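Q: Sharing a structure here in structure tokens format.
The values are calculated or read from the model by the stated rules, or taken from the named source; none is laboratory data. Just so it is clear, the structure is predicted and the values come from calculations on it, not from any experiment. Here the Cβ is made from the backbone with ideal geometry for all residues, glycine too, and neighbour counts use every protein chain on show.
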């Protein structure tokens, strides 16, 4: 798909890397990469074969879309200098938990493009299966954001800032916290010289099950059986790991609460 | 595969249901089902088209293998009456965290067959991708257990009782606790009228990632970025859910600890 819109990437982290690569493949012209970290900027710019800058004042002023993909704390600070001298462009951030209104005092045309996915630099993303949530300051901006998102995935939904905040928090549980459970499992196995690979069929089936059962129906294990025997044995085994022991206890309690 | 060994199922829960069906399909003769809960016993027995009993003294005495799949707390209690008058048979339990030695004061030939998987009655199990861990009182018993397991899956490993306990605890984290993270995510979305289905691509990718990255490398989200802004916003949103708020805080801390 070809189009004549020029996109600048502000940020060069995981999200910027994957979205930048995805958008370029989809036919968008990536004009430039900005990151205050020179190594990151240069890395992504060379993958895309485009120029990079490390100071906002050097960012070109004639692009159509400025896609801002930085830490939430940096976003607010960056907004005035990103918008200045570029007032005609469309300004977009990708953060799940930042309201669209962060733009309103500075920009005229703005929006949010939130890809709900876990991006790691080391791993390619299949955008076709990623859900995108969009919100914009007006009809024209919304249509531009939708065409941006639809060039990557058929799963594009409108969501308000409030809805997006909840989607993001829910994603922290379903993805980030679930992954940490894998990480604790790996840690416990490594301590015993046992291979984490043995867990993979179980991890896959746990994920597959919730395609057809509600997670609360899919729950198995000692907590949902209220098998105090097993839980106490595990807590004893975690005696030298107070943080993990607390997590074990608290999650088990929460499982019992939710299922009773 | 045909063979002339007769197997009795002691228990009619999720594990018994799936193993019973799997073993029968693999050519083993299921002689009888026992459960003290008449409805469960009758349910499983009718699926297998075999007789059932609800009292241990009515369990046949001439089977070759007694496969005991009951709650850990019930197992110890049940052992003497299961073994009595059946001393020549092979006695097997399937519990990850029960040592093989629970049999030693009563039985002569015994072992453990631990399928590391999450079994829900509503869902068929693809045994070919399940890891089985076996342990037995002697070489002959071990070979019998291996042939039982190998008739279901190529992934059959020997593991000591101590190793199995750690595998089981690690599975509680990677499977039961990960699923509870899905369940909390679903709960938070439902409260806002948002569909849990939107999380499925994310859940799938989170599971797929740890096939190629170590979980600790695959970690993303506000905690690993130490993005206090986002974490505080989420904690505020959980103000009316103290249990979830504690879980959010504790897991985030644990992610930061593990990654620093």
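Q: Among the residues of the stretch B:90-98, is any surrounded by 15 or more Cβ atoms within 10 Å (Cβ to Cβ), over 19 Å from residue B:18 (Cα atoms) and under 15 Å from the mean Cα position of the chain (by Cα)?
A: Within the stretch B:90-98, the first condition is being surrounded by 15 or more Cβ atoms within 10 Å (Cβ to Cβ), and the residues that meet it are B:90-98.
Going one step further and asking which of them are over 19 Å from residue B:18 (Cα atoms), we end up with B:90, B:97-98.
Narrowing further to those that are under 15 Å from the mean Cα position of the chain (by Cα): B:97-98.
Within the stretch B:90-98, one or more residues are surrounded by 15 or more Cβ atoms within 10 Å (Cβ to Cβ), over 19 Å from residue B:18 (Cα atoms) and under 15 Å from the mean Cα position of the chain (by Cα).
Q: Would you please name the residue that is nearest to residue A:196 (Cα to Cα), looking only at residues in the stretch B:125-144 that are touching a residue at least 60 places away in the same chain (Cβ under 8 Å) and under 16 Å from the mean Cα position of the chain (by Cα)?
A: So the residue we want is B:127.
Q: Of the residues A:67, A:142, A:150, only one is buried (at least 20 other Cβ atoms within 10 Å of the Cβ), touching a strand residue (DSSP E or B) at 6+ places or on another chain (Cβ under 8 Å) and assigned by TED's automatic domain parsing to the domain that holds residue A:41; which? So that I can check it myself, show each step before the final result.
A: Values: A:142 fails: buried (at least 20 other Cβ atoms within 10 Å of the Cβ); A:150 fails: buried (at least 20 other Cβ atoms within 10 Å of the Cβ).
Matching residue, one of A:67, A:142, A:150: A:67.
Q: Any idea which residue in the stretch B:242-252 is nearest to residue B:219 (Cα to Cα), counting only those that are in contact (Cβ under 8 Å) with a residue 12 or more places away in the chain and more than 27 Å from the chain's Cα centre (by Cα)?
A: So, considering only residues that are in contact (Cβ under 8 Å) with a residue 12 or more places away in the chain and more than 27 Å from the chain's Cα centre (by Cα), the one nearest to residue B:219 (Cα to Cα) is B:252.
Matching residues to (1) farther than 22 Å from residue B:131 by Cα; (2) surrounded by 18 or more Cβ atoms within 10 Å (Cβ to Cβ); (3) within 14 Å of chain A (Cβ to nearest Cβ):
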{"site": "B:6", "(1), (2), (3)": "yes, no, no"}
{"site": "B:22", "(1), (2), (3)": "no, yes, no"}
{"site": "B:27", "(1), (2), (3)": "no, no, no"}
{"site": "B:33", "(1), (2), (3)": "yes, yes, no"}
{"site": "B:46", "(1), (2), (3)": "yes, no, no"}
{"site": "B:52", "(1), (2), (3)": "yes, yes, no"}
{"site": "B:63", "(1), (2), (3)": "yes, yes, no"}
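Q: Looking only at helices (runs of 4 or more DSSP H) that lie completely in the stretch B:145-215, which have at least 2 residues being more than 15 Å from the chain's Cα centre (by Cα) and facing another protein chain (nearest Cβ under 7 Å)? Let's see the steps before the verdict.
A: Working: elements: B:161-171, B:178-191, B:200-209.
Counting at least 2 such residues, we get B:178-191, B:200-209.
Q: Also: Which of the following residues is under 13 Å from residue B:9 (Cα atoms) and out of contact with any helix residue (DSSP H, G or I) (no Cβ under 6 Å at 6 or more places or on another chain): B:39, B:139, B:124, B:31?
A: Values: B:39 fails: under 13 Å from residue B:9 (Cα atoms); B:139 fails: under 13 Å from residue B:9 (Cα atoms); B:124 fails: under 13 Å from residue B:9 (Cα atoms).
Within the list B:39, B:139, B:124, B:31, the selection yields B:31.
Q: If you go through the stretch B:216-260 one residue at a time, how many are crowded, with 18+ Cβ neighbours inside 10 Å, part of a helix (DSSP H, G or I) and more than 7 Å from chain A (Cβ to nearest Cβ)?
A: 4
Q: For residue A:213, are the conditions met, namely being in the same structural domain as residue A:178 (by TED's automatic domain parsing) and either out of contact with any helix residue (DSSP H, G or I) (no Cβ under 9 Å at 6 or more places or on another chain) or on the phi > 0 side of the Ramachandran plot (or both)?
A: yes
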